[in-house]
Every structure is written in C-alpha cells, then in structure tokens.
1. Identify, from the list E100, E105, the residue that is in contact with an Asp or Glu (Cβ under 7 Å, 6 or more places away or on another chain) and surrounded by 11 or more Cβ atoms within 10 Å (Cβ to Cβ).
2. Scan L65, L52 and give me the residue that is surrounded by 19 or more Cβ atoms within 10 Å (Cβ to Cβ) and aliphatic (A, V, I, L, M).
3. K79: under 20 Å from L10 (Cα atoms) and exposed (fewer than 10 other Cβ atoms within 10 Å of the Cβ), yes or no?
4. Residues that are closer than 12 Å to L103 by Cβ and in contact (Cβ under 8 Å) with a residue 12 or more places away in the chain: which helices (runs of 4 or more DSSP H) entirely in segment 1-92 hold 2 or more of them?
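Values in this text are rule-based calculations from the coordinates and carry no lab data. Not measured: the values here are computed from a predicted model. Backbone-built Cβ (ideal geometry, glycine too); neighbour counts: all protein chains shown.
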Amino acid sequence: MRVSPQKARLVLDLIKGRRVEDALSTLAFTKKRVASTIEKLLRSAVENANYLSGEKGLDVDVDKLYVKRAIANDGPRMKRIRPAPMGRAYRYVRRIAHIEIELAERGKNGEVLANVVGASTSAAAPAKTAAARKKPAGKKKIAARK
C-alpha cells in the first residue's frame, strides 16, 4: 500500500482486539485515506476464514472472530527528486507499507479457539518462478595484452 507505515498504524490501532463487525464499522467511519484499503483487507481475511470453514473443514465460527494482530511494516522505499532553486535537487522518499491482519476465534471465557491467518497486502505480489531466480551469466574474462 502506498502510504507510510506510521499513518497505517494509526488506523490499525483503532481495530486491534475488536470483533470483526465492530472493526468494519469503525473503518467505515474513519476519515483516513488508508481506512478503505484496510477495510478491504479485513473483508478478505473474513473471506479466508469462510473458505477455511467451508472447504478445508476447519471449525471456525465467523461471528466470533476478532482482530488478533494488525501490523504495518516498512516496504521498499521509492526515492524521488524534487527540483530546487539554483539548479539543485532535493531528494525525498515515498514510503510503502506492508499491512497484515490476523484473525482469531474467541470462546466464551475469552480463550483463543482457532487462529485464522488473515490477509496481507504483500501476498498479492506474484511469486518468482525458478527461471526468474536463476543467477545471470557472469561476465567473460578478457585476456590482458602485453
């Protein structure tokens, strides 16, 4: 997500430890730009829990899910240059955040019944294939002349 991790953490701190329904309503009325992206990510994590309960046979009650962990880490930084007076240039950095949300099911006494690994923004990046991971061919050595 192209937002600084510090700004994303402000919104993630609002939903940590809350039930999914409460977290979604909080995100819907938060006036930060990153809130809509975090809402989509939270809905994706709930759909992952639905998939686990339906297809994989894991016993997960979607109504009892809460946000167990929500973090925003630094991603790669984009370095940019801004024109400055007298032919100079100022460098600035555009930050990127990797956002992760993990859901868990809470029992009657507050104990954790099941962990559901949620969604993350970095999971959408395509994995490198074996051909892409190969090292490029080394440079040929040229014999020195005397």
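1. On the way: E100 fails: in contact with an Asp or Glu (Cβ under 7 Å, 6 or more places away or on another chain).
Only one candidate qualifies: E105.
2. On the way: L52 fails: surrounded by 19 or more Cβ atoms within 10 Å (Cβ to Cβ).
Result of the check over L65, L52: L65.
3. On the way: under 20 Å from L10 (Cα atoms): no; exposed (fewer than 10 other Cβ atoms within 10 Å of the Cβ): yes.
Taking the combined requirement at face value, the residue does not satisfy it.
4. Numbers: elements: 5-15, 20-28, 35-54.
Those helices (runs of 4 or more DSSP H) span 20-28, 35-54.
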